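First up is the structure itself, then whatever we jot down about it.
Readers should treat all values here as calculations from the given coordinates under stated rules, not as data from a laboratory. Predicted, not measured: the structure shown is a model, and the values here were computed from it. All Cβ positions, glycine included, derive from the backbone under ideal geometry; neighbour counts span all protein chains shown.
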Amino acid sequence: MKGERRIEGLGVSPGVAIGAVFITDDNIAVPEYKLEAGQVGAELQRFAGAVALSVKQLKKLKGKSNTLPGSASEEVGYLLDAHLHMLGDSRLVRGVEKRIDAEHINAERAVMDEIAQVAESFAKMGDAYLAARIEDIRVVGSRLVRNLTKTPYAAIQNLPEGTIILAEELTPADTALMDPRRIAGFATVLGGAEGHTAIMARALNLPAVLGVTGLLGEVESGDVVVVDGSEGVIVVRPTAATIARYQTKQEVREREQRQLNRLRRVPAVTRDGVEITLQANLELPRELEQANEAGAAGIGLLRSEFLFMNRDDLPGEDEQYEAYAALVRGMDGKTVTIRTLDVGGDKASPALAKLMPVDGNPALGLRAIRLSLKERRLLDAQLAAILRASVFGPVRILLPMISSVSELKRTRDALAQAVRRLKRRGVKLPKQLPPMGVMIEVPGAALAADALAAQADFFSIGTNDLIQYTLAIDRGDESVADLYNPLHPAVLRLIQFAAEAALRAKKPVCLCGEMAGDPRYTALLLGFGITDLSMAPSNIPRVKQRIRAMDLAAAGRRTRAIMDQLDDGRIASLLDDFNSLA
Ligand code: PEP
Ligand code: MG
């Protein structure tokens, strides 16, 4: 039996989980159906798309395998090359195409049938080398089927309590399916610390480690593992002593958590008496209770993408209205900032897949407000639903990925039209229409902040994307995660410039990127004059504790000193030094 093994990755969601493993990639359901005569061409295209995606994934894994120690790197690289070869102009690919064409069966079924036949003919040859290749062909087949079905890991549901999920990659939509009462934590080979899968893990309070090279080769379903999301460590087949050590760590964290929860009812006031607004970011409606329990002053960012995930149809106006109304009512008079749809990049929606081009760079493509303005029925239904929900309490409308004033103006026109349409329908609307604000998350928007501040009702600074686009670092790519630096002087200057533009124009400014929820950055952000921070509900107590220990005037002085620096290392030490003093 193999012994204990420790593997490092990116700790993206804190906490410790210990449990039996479920490997999603081994558990895919294969749909089977016949095609109509006119569907064959499209099915062949769908198959070609899955082959292309599989090649892309394998190349990415190959790049990562170079970092594996010693001979492991060579072995894994060799295996991945073999897989890539099978997806070239191979018997497997040609065989599947022939079956789709001749038998009019769906691509998944054709892949499974072809693999069964290849395996059978290899087995008959009685050659040990070929027999060993059968397993590789099956693994490639599973990848193809996974990429064809695109069904998020439905198998994630209904697992025994305490299960730990391991996968090559999980999308935010897959993660949203995890029930924290059953799933204890998860780990993946691919994925960065600031992508939406990481954000979803934090929202669900699930310990998670991403970017774990060599993870799946080490583990089998049913093995016990420890996921340490605070340190970014996976321990496979831990010994009794290791389990005991991690159980102690779990207990310490729970004790700390209980102590922090005592801060729930006390105000977020600095030592020199300035009150700071701490709001909650919501990924999923089920976090509402947590937001209220954490004492959130409102919802500073409702990511409305949850309504579009894991489904093939689009939510209509009524369905959206019900969802928003429940949240507005649930916040009991506290403001709810609803962001319009922000799909694209790493946030996909099967229902919208047809509208989004597959080629090109998704981070720079038709996404967020660009998609909403192009597909007006999406925007119109969402704005109408938000307007209707706003009779139950204060609501603000937030627009994602704004890069120019004209996008804001066009959305304002759409809002005015939605108001007129609702009035014609005799729908009740509030006396005061919801304010409309913009995300500052594109460097161009930050640099044009004075122009935007003149037109927008408020700003919300999205540092997750602002850092990604300013430094050209894919926030979801683990291989460049070490370069993703919130303290880069370029990032800080853009935040400062945008915040000051809003303050000059007397427009409210909130910061809702992940930086807001990390107490390390609180002094700096407050020093910029930002007094409204929105974060995952679980981070509110920690940030509040930091605020209550801090003198705002001193934080302002330290921020000014930091902004005189050009070196990010020096910036970090000035900030950490200030944090250790106060
Ligand atoms: C951001 O980009 O900082 C942000 C809050 O939006 P999201 O993380 O949803 O892209
Ligand atoms: Mg963003």
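Here are a few things to note about the model shown:
- Modelled this way, with points 7 Å down the Cα-to-C-beta line, the labels at LEU447 and ARG182 are 4.9 nm from one another.
- 5 angstrom amide H check on ARG339, placed H, neighbours 5+ away: LEU302, SER304, LEU398
- Each residue, LYS59 and GLN417, gets one label point 7 Å from its Cα in the Cβ direction; the gap between the two is 4.1 nm.
- By the beta-carbon count within 10 Å of each Cβ, the least crowded to most crowded order of ASP380, ASP332, fewest first, is ASP332, ASP380.
- Per-pair calculated FRET efficiency, R0 = 25 Å: ALA353 and ASN158 via Cβ, rounded to 0.05: 0.45
- Think of the chain as having a plus end and a minus end, set by charges on the Cβ of Lys, Arg, Asp and Glu; of ALA481, LEU170, ILE338, ILE338 sits farthest toward the positive end of this dipole.
- Share of alpha-carbon pairs per 5 Å distance bin for the range 37-148, given as whole %: 2, 12, 21, 21, 17, 13, 8, 3, 1, 0, 0
- Extension gain, ASP318 to HIS85: 0.36 nm times the residue separation minus the Cα-Cα distance gives 78.9 nm.
- VAL480-GLU8 FRET efficiency (beta carbon distance; Förster radius 25 Å; 0.05 resolution): 0.90
- Evaluating kT/(6 pi eta Rh) at 37 °C and 0.692 mPa s, with the Kirkwood radius of the range 276-537 over Cα pairs in the Stokes-Einstein relation, gives 177 µm² s⁻¹.
- Only Lys, Arg (+1) and Asp, Glu (-1) charged, at Cβ; the range 37-148 dipole about Cα centre in debye: 380
- Ranking of LYS56, LYS62, LYS347 by neighbouring Cβ atoms within 10 Å, starting from the fewest: LYS56, LYS62, LYS347.
- Cβ-based exposure ranking for THR163, THR197, THR171, in which fewest neighbours within 10 Å come first: THR163, THR171, THR197
- Note on ARG493/MET125: beta-carbon distance plugged into 1/(1 + (r/R0)^6) with R0 of 60 Å gives a FRET efficiency of 0.35.
- Where only C-alpha atoms are counted, convex hull volume of the range 310-358 per residue in Å³: 99
- Here the dipole of the chain is about 2340 debye; that uses its Cα centre as origin and unit charges on the Cβ of Lys and Arg (positive) and Asp and Glu (negative).
- Charged side chains reduced to their Cβ positions (Lys and Arg at +1, Asp and Glu at -1) give the range 276-537 a dipole of some 1480 debye around its Cα centre.
- Unit charges at the beta carbon, dipole of the chain: most positive-side option, ILE137, ILE7, GLN496: GLN496
- When Rg and the Kirkwood Rh are both derived from Cα coordinates, the Rg/Rh ratio for the chain amounts to 0.99.
- Neighbour net charge for VAL343 - beta-carbon separation under 13 angstrom, K R +1, D E -1: +4
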